[in-house]
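*Asks:* Dropping the structure in here first, questions after.
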Amino acid sequence: MSADRRAAERRVQQRQTAARRGGSRRAERLRRDNGSDRHDEPARRDANELTAAPTARYRPVGCAISTKSRRRGGGTYESGTRLLKLRHKTSGKDPLEIINEIGMCGTTWIISGLVKCVSKRPAQFDVMVSESIGSEIHMALGGPICIILISRAFAVIQRPFGLSFLCLTEDFWHVREMDGQLALSSRPRAYRGPSRLSPGLGWLEVFRCEEVSGDLISIIHDFKREVVNHIEARPSQQKSHLKESFKFTSTKKPKIAVVGSGPSGLFASLVLAELGAEVTLIERGQPVEKRGRDIGALVVRRMLQLESNFCFGEGGAGTWSDGKLVTRIGRNSDGVVAVLKTLVHFGAPRNILVDGKPHLGTDRLVPLLRNFRQHLQGLGVTIRFGTRVDDLLVENAKVVGVKVSDTESDLLLDNQKLGFDAIVLAVGHSARDVYQMLHSNNVELVPKDFSVGLRIEHPQELINRIQYSTLANEVCKGRGKVPVADYKVVKYVDEEGTDANSRENGRSCYSFCMCPGGQVVLTSTNPSELCINGMSFSRRASRWANAALVVTISWKDFDSLGFHGPLAGIEFQREFERRAALMGGGNFVVPVQKHLIIYSILALVVDVPPSSYRLGVKSAELHDLYPNHITEALQNSISMFDRELPGFISEEALLHGVETRTSAPVQIPRNTDTYESTSLEGLYPIGEGAGYAGGIVSAAVDGLYAGFAVAKNLNLYTGSIESILGKPMKNTGFVKY
């Protein structure tokens, strides 16, 4: 045996001996704190687990060995997959059920007394698990568990000296908190390590997380239960009268079609299905799984699916967007709280209930929507993806059904006529063919103000420096001590380009849908038109930050270009989307400009900064895109934004064109109490496409209240909506998020 080999083995033995001695001291301290003796079996078992020396097979994280030591093929962790298969064979249970039986799901495990051997303590607000802390956790938990519980499943918690509920010694100053659900989700196959854990007094304790109450499902079930208990407590002669007053289901279930599976459509379907209606959810796009593949084909191969893209599909346009849950319709109103808690019920993180700016991200929305869909199907809801509504079936001024077709077939023979008692129209703001169909059926449409502009992109580090100054280095791509920086700016510009100080005296110029750590994406629904938006994932870890800079427009702007009638706003959008497509040269290439120089037009610059837009950019003169009064309003507002955020005008900033779909260009008038269209009986326009919402939360709240209103109109129940959720907020369609 060579001298180098012997030296390497000697160093490994020395490390093992040191680790064994450290474990023995921890075990002795545990026995002393617990007051146990040598005859105490539980304490002795815990001590044996702690004194078990980590071998080369279960080497602590961060412990280095000689580069010349031989790696043994047998020194690998036992296969969690093989253990799952064996347990599945013997018990006959599904592997997912076996994982849930481990007991870590929905729990928090507290590991204490691990910092005595750590030379460098974590900073006061440090929530990252350092290499030394990871090594201590690895040794205490007995080896392979640390392979499953990656660092993002741990957090450092500060406990003030003298207030620790475990022990008043320095050893318990810091504890490690482990999210069991997150730990298992990272490596769901390997469950052997978690299954071996058992709580130990003073070093490993478990706390089960409480369920979130107050979600929409619980509210409806609790209300039903209270009504039933109230009726049963009454004398027999009053029961029949009360049952009639608080009935939940009629003798025949009404058939209701919900068109669109965005937030408003999903929540309306949920309420109606819970109250006993026979619901059919019609969606022109595809479920999130197939929709994700279609979007991937668009981004990679420029293949635009007209019915399955960034705008159409399960979850609506907000699925592949930033996933913001901020709203101005009342952050603590009953409807908003019920929506947020329902999202938590379907898989959203609990922090959205307390965050000032709650945010999900596309990666969290996709599994949430899958859970939502499965729940609806469990209630008996029929979901028809890839089905487009082509026309309404109207008899005696009342809608009695819809004519639908398969979006994946080009044959007109595939049209079907489906009869329903009510139609809940929950389409998005990009369903232009639906607006045209409603207009042809003499449904009243009213032009609505909206905003158009450009999307500006900066390096995220620049925005961090502007907002955080010296704390910018603490962001760490969404994993640091402070969150990724964002901004929101609003100015009012008059016709002379000066600050108007109020909306009544000028145009509103503001940032819209700011996506920190995000990217610019294509939201076109027609190959000859070009429209963009921003999106980000939950971590917001991208190099770029983008936001739309938009200006409000009204019917006066439509008239100036010769667009008239209820669909004038749609024609206005199309005009500038076509201009942008021509500027980019086609093939979904986006025209860009470095920035708009205030009070003077910047000459065309070929060399532009890099962009997050993946389909390509082309330098263009964006100041020629919009009419002069819109361009001047944008220029003047950018100058004001730079005074508020010094450095906003930068050589690294890049303007992209165009952003035109900030909200619906029309509104479908409806009754404020029944939510029914004022011009067609049986039609219930709701959500953002109908002009009554401006974001995920406000659309969901509108769908929630509309579901109760439709149920009440169809005698599914005769109770009061306000008794369940309070009064709805009015004019949600005019609130920007």
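The values are calculated or read from the model by the stated rules, or taken from the named source; none is laboratory data. This is a predicted model, so every value here is computed, not measured. Here Cβ is always computed from backbone atoms with ideal geometry, including for glycine, and neighbour counts include all displayed protein chains.
*Asks:* Kindly list, by first and then second residue, each pair from a residue in segment 354-370 that is at positive phi to a residue that is aromatic (Phe, Trp, Tyr) and part of a loop (DSSP other than H, G, I, E, B), limited to pairs with Cβ atoms under 6 Å and residues at least 6 apart or on different chains.
*Replies:* Close Cβ pairs satisfying both conditions: GLY361/PHE537.
*Asks:* Of all residues in segment 329-373, which are in contact with a helix residue (DSSP H, G or I) (Cβ under 6 Å, 6 or more places away or on another chain) and among the basic types (Lys, Arg)?
*Replies:* ARG350, the sole residue that qualifies.
*Asks:* Identify all residues within segment 593-611 that are within 26 Å of PRO527 (Cβ to Cβ) and either of a type in the set (Phe, Trp, Tyr) or at pLDDT 95 or above (or both); write none if there are none.
*Replies:* Within segment 593-611, just SER611 meets the criteria.
*Asks:* Quick check: anything in segment 417-427 over 30 Å from GLY695 (Cβ atoms) and without any contact (Cβ under 8 Å) to a residue 60 or more places away in the chain?
*Replies:* The answer is yes; a qualifying residue exists.
*Asks:* Looking only at segment 508-542, count how many residues are over 22 Å from GLN573 (Cα atoms), outside any strand (DSSP E or B) and either in contact with an Asp or Glu (Cβ under 8 Å, 6 or more places away or on another chain) or acidic (Asp, Glu) (or both).
*Replies:* The total comes to 2.
*Asks:* Name every residue in segment 670-727 that is modelled with pLDDT under 90, closer than 27 Å to LEU360 by Cβ and not in a loop (DSSP other than H, G, I, E, B), in order of residue number.
*Replies:* The answer is ILE724, LEU725.
*Asks:* If I filter segment 421-433 for residues that are in a loop (DSSP other than H, G, I, E, B), on the phi < 0 side of the Ramachandran plot and loosely packed, with under 13 Cβ neighbours inside 10 Å, do I get at least one hit?
*Replies:* Applying the first criterion (in a loop (DSSP other than H, G, I, E, B)) to segment 421-433 yields 421, 426-431.
Those left that are additionally on the phi < 0 side of the Ramachandran plot: 421, 426-431.
Now restrict to residues that are loosely packed, with under 13 Cβ neighbours inside 10 Å: none.
No: zero hits.
*Asks:* I'm checking my understanding of the structure. Among residues of segment 374-404 that are within 33 Å of the chain's Cα centre (by Cα) and assigned to a loop (DSSP other than H, G, I, E, B), which one is nearest to LEU281 (Cα to Cα)?
*Replies:* VAL381
*Asks:* What number of residues in segment 275-296 are more than 16 Å from LEU379 (Cβ to Cβ) and either in contact with a helix residue (DSSP H, G or I) (Cβ under 8 Å, 6 or more places away or on another chain) or in a strand (DSSP E or B) (or both)?
*Replies:* Filtering segment 275-296 down to residues more than 16 Å from LEU379 (Cβ to Cβ) leaves 282-296.
Retained after the next criterion (residues that are either in contact with a helix residue (DSSP H, G or I) (Cβ under 8 Å, 6 or more places away or on another chain) or in a strand (DSSP E or B) (or both)): 282-283, 285-289, 292.
Final tally of qualifying residues: 8.
*Asks:* I need the full set of residues from segment 330-369 which are closer than 18 Å to LEU704 by Cα and polar (S, T, N, Q), in order please.
*Replies:* Passing the criteria: ASN332, SER333, THR342.
*Asks:* Here is a further query. Would it be correct to say that GLY330 is within 16 Å of the chain's Cα centre (by Cα), assigned to a loop (DSSP other than H, G, I, E, B) and touching a residue at least 12 places away in the same chain (Cβ under 8 Å)?
*Replies:* Details: within 16 Å of the chain's Cα centre (by Cα): no; assigned to a loop (DSSP other than H, G, I, E, B): yes; touching a residue at least 12 places away in the same chain (Cβ under 8 Å): yes.
No; evaluated as a whole, the condition is false for this residue.
*Asks:* Further, regarding this structure: Which condition breaks for GLU444 when tested against (1) outside any strand (DSSP E or B); (2) among the charged types (D, E, K, R); (3) within 27 Å of HIS359 (Cβ to Cβ); (4) at pLDDT 95 or above?
*Replies:* Checking GLU444 against (1) outside any strand (DSSP E or B); (2) among the charged types (D, E, K, R); (3) within 27 Å of HIS359 (Cβ to Cβ); (4) at pLDDT 95 or above, the one that fails is (3).
*Asks:* How about segment 365-385: which of its residues are closer than 14 Å to ILE256 by Cα and β-branched (Val, Ile, Thr)?
*Replies:* VAL381, THR382, ILE383, listed by residue number.
*Asks:* Out of the residues in segment 616-646 meeting the condition of being part of a helix (DSSP H, G or I) and within 31 Å of the chain's Cα centre (by Cα), tell me which one is nearest to LEU522 (Cα to Cα).
*Replies:* Taking segment 616-646 first, the residues part of a helix (DSSP H, G or I) are 622-624, 628-644.
Narrowing further to those that are within 31 Å of the chain's Cα centre (by Cα): 634, 637-638, 641-642, 644.
On the way: LEU634: 22, SER637: 25, ILE638: 24, PHE641: 26, ASP642: 27, GLU644: 30 Å.
Once the filter is applied, the top-ranked residue is LEU634.
*Asks:* Considering only segment 253-263, I want to know if a residue exists there that is modelled with pLDDT of 95 or more and part of a helix (DSSP H, G or I).
*Replies:* yes
*Asks:* Can you tell which of ALA699, ALA706, ALA690 is farther than 25 Å from ASN533 by Cβ, buried (at least 18 other Cβ atoms within 10 Å of the Cβ) and under 30 Å from the mean Cα position of the chain (by Cα)? Walk me through it before giving the result.
*Replies:* Numbers: ALA699 fails: farther than 25 Å from ASN533 by Cβ; ALA690 fails: farther than 25 Å from ASN533 by Cβ.
Among ALA699, ALA706, ALA690, only ALA706 is farther than 25 Å from ASN533 by Cβ, buried (at least 18 other Cβ atoms within 10 Å of the Cβ) and under 30 Å from the mean Cα position of the chain (by Cα).
*Asks:* Based on this model, can you work out whether ALA541 counts as modelled with pLDDT under 95 and within 20 Å of GLY361 (Cα to Cα)? Show your work before the answer.
*Replies:* Details: modelled with pLDDT under 95: yes; within 20 Å of GLY361 (Cα to Cα): yes.
So ALA541 fits the description; yes.
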